[in-house]
Each structure stands twice: as C-alpha cells, then as structure tokens.
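Notes to accompany the following structure.
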Amino acid sequence: MKPIFISILISLFLTASVAEARELKPYQGDATPPLLLKDLAGKTHKLDDYRGRVVLVNFWASWCPPCRAEMPSMQRLQEKLAGKPFTILAVDMGETPDVVNAYIKTVNTDFTVLLDSDGHALKSWKVFAFPTSYVIDGNGKIRYALFGSTEWDATETMQKISDLLPSTTPK
C-alpha cells in the first residue's frame, strides 16, 4: 500500500509541476552563467558572442520525452523569427555526437545544437530538470526561465520573446 501511495504523490507532484512550468516565468535568479560549448560540427560557441540577439538556451536530452515533444515547436519558433536577431542554442546533456545527430535527423531541426559531454554547463546553469530553458536578452541577461516543456510558438510565448527583440537588427 505504501509504494502505491508514494507513486500517487509523485505523480500528482509531477503533474502539478509540469502544468505550472508550461509558461515562461520572469527570471529571479543569479547572473547569467558563461556558456562555452562545441556544436555537432566541432565549432565552439560562446554565449557572449550572441550579444545583441535574444537567445533561447534549452537544456535537453534525446531520451527525455518532454524534450522530444517540444523540439518541433522550437523549430517553428525559429522559422517565425527568421531574419530577426534571435538564436536557439539547444544544449544536449551528456550524449554522444552520434546519438544526437541521429535524433536531430529524425526531428528535422536546423537550430544550433551544443554538446555538454561532461555536464559542466548543466552544473553552472543549475539545471535540475529536463527540459530547462532560459531566454536571454540582447544584453546577455536571463529574462525568462521555464522548467519543463512548452509549445514555443504559442502566441503568449512568442510575444514575450518578441518583446525582447531590439527594434533594429544589430550590424
């Protein structure tokens, strides 16, 4: 009886957490941690190099069902904001490049995927759930956070991101 009760409590907690986490919330935490990782082609990306752009940093893994579910909406978000100073950096957590490449081909995305093979970024960004996402403004400040998955191209979410875009495109 006790294991069933514990399972029910865990399920209720997870359901409540996921329902609450579907909306971007204003970020109240520490300063933006550094991010310096390689992409699938071996090119190094540094978050500071994206100053002047709004950046969605999304921590995910291919084995995570909510992560998998939100990937298509991330691609649609990128397409809707094409030509605007907006970038997605999807940070995979600890998987091999072969595993990540195989998964990315199945979901047909073309945003930047970074590899955190040693978990250093996961630790410095204090990620404790998958997916976890942060929206960073053009000055490099985290403005919104989301713990769980969402439909990134939903009207309210797109509006929050669009409101952060500079009125002119940086040169």
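Hey, can you tell me all the residues within region 45-101 that are among the small types (G, A, S), surrounded by 15 or more Cβ atoms within 10 Å (Cβ to Cβ) and under 17 Å from L114 (Cα atoms)?
A61, S62, A90 - these are the residues of region 45-101 that are among the small types (G, A, S), surrounded by 15 or more Cβ atoms within 10 Å (Cβ to Cβ) and under 17 Å from L114 (Cα atoms).
Out of curiosity, is E151 farther than 19 Å from G52 by Cα, among the acidic types (D, E) and surrounded by 13 or more Cβ atoms within 10 Å (Cβ to Cβ)?
Spelling it out, E151 is indeed farther than 19 Å from G52 by Cα, among the acidic types (D, E) and surrounded by 13 or more Cβ atoms within 10 Å (Cβ to Cβ).
Somewhere in region 3-13, is a residue at pLDDT 95 or above, out of contact with any Leu (no Cβ under 8 Å at 6 or more places or on another chain) and either outside any strand (DSSP E or B) or loosely packed, with under 12 Cβ neighbours inside 10 Å (or both)?
No, region 3-13 has no match at all.
Report, by residue number, each residue of region 75-84 that is within 17 Å of P131 (Cβ to Cβ) and either among the aliphatic types (A, V, I, L, M) or in contact with a helix residue (DSSP H, G or I) (Cβ under 8 Å, 6 or more places away or on another chain) (or both).
Matches in region 75-84: Q75, L77.
Hey, among T109, T87, which residue is of a type in the set (S, T, N, Q), in contact (Cβ under 8 Å) with a residue 24 or more places away in the chain, part of a strand (DSSP E or B) and touching a helix residue (DSSP H, G or I) at 6+ places or on another chain (Cβ under 6 Å)?
T87
Taking into account only those residues within region 116-128 that are in a loop (DSSP other than H, G, I, E, B) and touching a residue at least 40 places away in the same chain (Cβ under 8 Å), which is farthest from A90 (Cα to Cα)?
Once the filter is applied, the top-ranked residue is K126.
The values are calculated or read from the model by the stated rules, or taken from the named source; none is laboratory data. Predicted, not measured: the structure shown is a model, and the values here were computed from it. When we count neighbours, we look across all protein chains shown, and the Cβ atoms used for this are built from the backbone with ideal geometry, even at glycine.
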